[in-house]
Amino acid sequence: MTRPVPGQSPPRPAAVAKARSARGWAGWLFVIPAFAFYAVFVLRPIALTAQYSLYRWDGIGPSTWVGLANYAKVFTDPDLFDSLVNAFKLIVFFSVIPVVLGLTIAATIRRIAQSRLALVARTVLFLPQVIPLVAAGIAWSWLLSSTGVVNQLLSLVGLGGVTRAWLGDLSTALPAVGMIGAWVLLGLCTILLLAGMSKIDPALYEAARLDGAGAWREFVSITVPSLRQEIGVCVTVTVIAALASFDIVYISTQGGPGNATMVPGLQIYYLAFSEREVGMASALAMVLMVLVIAIALPIQRLTKDTDQ
């Protein structure tokens with residue numbers, strides 16, 4: 001608060017309120033361009049998608065009102081519903097594996113933080129984040145093919161009986177796609193968790209060691225509770241990546257064999273641009289958006305730092 005100048009009367013309440021109002025309007029002037037951009041490129045497409053989902057439309061000709069029939073078909077058509085189930089199965093690979101492994105690897109790297117090996121490990125783990133996912137999908141398609149490096153290595157160690165076209169087998173296609181996603185997201189989770197570990201007070205670990213705590217007790221009692229927010233970010237990002245997966249699946253399997261790896265993002269693409277069912281694609285997109293929000297919001301609430 002500014003002090004009144006000697007010999008000068010203090011500002012009137014009306015003048016102070018007017019100045020504050022002017023500053024408030026100036027703030028809104030900075031917000032308006034960003035909000036306009038968000039409204040045009042995010043809110044408007046969502047509203048149009050919700051509108052299209054209530055019609056049967058091929059994207060060109062006249063549309064026919066069908067109400068909630070498209071939404072009912074999403075949950076009754078086996079192909080559409082199975083794509084949602086596949087997306088939830090991918091959460092195990094896209095989210096659980098990267099977060100658990102990321103915690104373990106980050107804790108290990110923290111212990112050897114001053115060594116050259118730690119720098120190499122961070123670099124290698126983060127490489128998938130700078131590699132285009134299209135290139136990663138193509139590379140893994142070669143590695144997991146019937147004559148790929150994975151099968152050749154298995155044959156070298158005497159496991160030739162388990163070799164197969166991993167992305168072309170009905171029983172292994174979805175787990176194989178999931179492992180590609182886990183490989184892509186592991187580096188991101190590890191780096192985020194490492195950043196979170198850097199803010200933990202070293203005195204906590206010293207006190208734990210004085211009390212006789214081992215590495216496991218330090219990890220469970222200090223590291224994991226201190227990374228509550230970072231774990232929440234990792235889980236949110238990876239769960240959304242699983243539910244909204246498209247590029248890796250499209251490049252590696254295109255939803256096959258059969259519909260074994262069909263996911264909602266790919267199904268929406270096929271419905272809208274191959275089968276010309278824009279209304280059905282919009283309904284599936286809205287269902288997917290609601291599922292993402294319904295899962296992401298509770299995760300954020302549960303992992304929110306209660307101390308703040």
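The values are calculated or read from the model by the stated rules, or taken from the named source; none is laboratory data. Bear in mind the structure is a predicted one, so any value in this text is a computation, not a measurement. Using ideal geometry, Cβ is built from the backbone for each residue, glycine included, and neighbour counts are taken over all protein chains shown.
Kindly indicate the residue of the range 64-74 that is touching a residue at least 40 places away in the same chain (Cβ under 8 Å) and under 25 Å from ILE295 (Cα atoms) and also surrounded by the most Cβ atoms within 10 Å (Cβ to Cβ) among those meeting that condition. Among those residues, the one meeting the criterion is ASN70. Taken together, the residues in the range 272-301 that are in contact with an Asp or Glu (Cβ under 6 Å, 6 or more places away or on another chain) and modelled with pLDDT of 95 or more amount to 0.
Annotation: ALA182 fulfils all but one of (1) more than 30 Å from ASN259 (Cα to Cα); (2) touching a helix residue (DSSP H, G or I) at 6+ places or on another chain (Cβ under 8 Å); (3) assigned to a helix (DSSP H, G or I); the unmet one is (1).
Return the residue satisfying two criteria in turn: it lies in the range 1-57 and is farther than 25 Å from ALA72 by Cα and of a type in the set (D, E, K, R), and of such residues it is modelled with the lowest pLDDT. Checked the range 1-57; the qualifying residue modelled with the lowest pLDDT is ARG3. Of all residues in the range 50-63, those that are touching a residue at least 60 places away in the same chain (Cβ under 8 Å) have Cβ atoms under 7 Å from Cβ atoms of residues that are part of a loop (DSSP other than H, G, I, E, B) and surrounded by fewer than 13 Cβ atoms within 10 Å (Cβ to Cβ), 6 or more apart or on another chain, in LEU54/GLY67.
In the condition set (1) surrounded by 14 or more Cβ atoms within 10 Å (Cβ to Cβ); (2) more than 30 Å from ARG111 (Cα to Cα); (3) of a type in the set (A, V, I, L, M, F, W, C), VAL162 is compliant with all but (1). Answer with yes or no whether THR49 is more than 15 Å from VAL290 (Cα to Cα), of a type in the set (S, T, N, Q) and either surrounded by 16 or more Cβ atoms within 10 Å (Cβ to Cβ) or in contact with a Phe, Trp or Tyr (Cβ under 9 Å, 6 or more places away or on another chain) (or both). So THR49 fails the test. The set of residues in the range 240-284 that are hydroxyl-bearing (Ser, Thr, Tyr), under 24 Å from ALA294 (Cβ atoms) and surrounded by 19 or more Cβ atoms within 10 Å (Cβ to Cβ) comprises SER245, THR261, SER282. The conditions of being within 28 Å of ARG122 (Cβ to Cβ), out of contact with any Asp or Glu (no Cβ under 6 Å at 6 or more places or on another chain) and assigned to a loop (DSSP other than H, G, I, E, B) are met by ILE200.
Selection of the range 142-177 for residues being part of a helix (DSSP H, G or I) and under 25 Å from SER95 (Cα atoms) yields TRP142, LEU143, VAL150, ALA173, LEU174, PRO175, ALA176, VAL177. The set of residues in the range 77-131 being touching a helix residue (DSSP H, G or I) at 6+ places or on another chain (Cβ under 7 Å), without any contact (Cβ under 8 Å) to a residue 40 or more places away in the chain and over 30 Å from GLU277 (Cα atoms) consists of ILE112, ALA118, ALA121. Of all residues in the range 214-251, those that are in contact with a helix residue (DSSP H, G or I) (Cβ under 7 Å, 6 or more places away or on another chain) and part of a loop (DSSP other than H, G, I, E, B) total 4. ALA113 satisfies every condition listed in (1) part of a helix (DSSP H, G or I); (2) surrounded by fewer than 15 Cβ atoms within 10 Å (Cβ to Cβ) except (1).
Between LEU193, LEU266, LEU284, the distinction of being in contact with a Gly (Cβ under 9 Å, 6 or more places away or on another chain), under 17 Å from PHE81 (Cβ atoms) and in a helix (DSSP H, G or I) belongs to LEU266 only.
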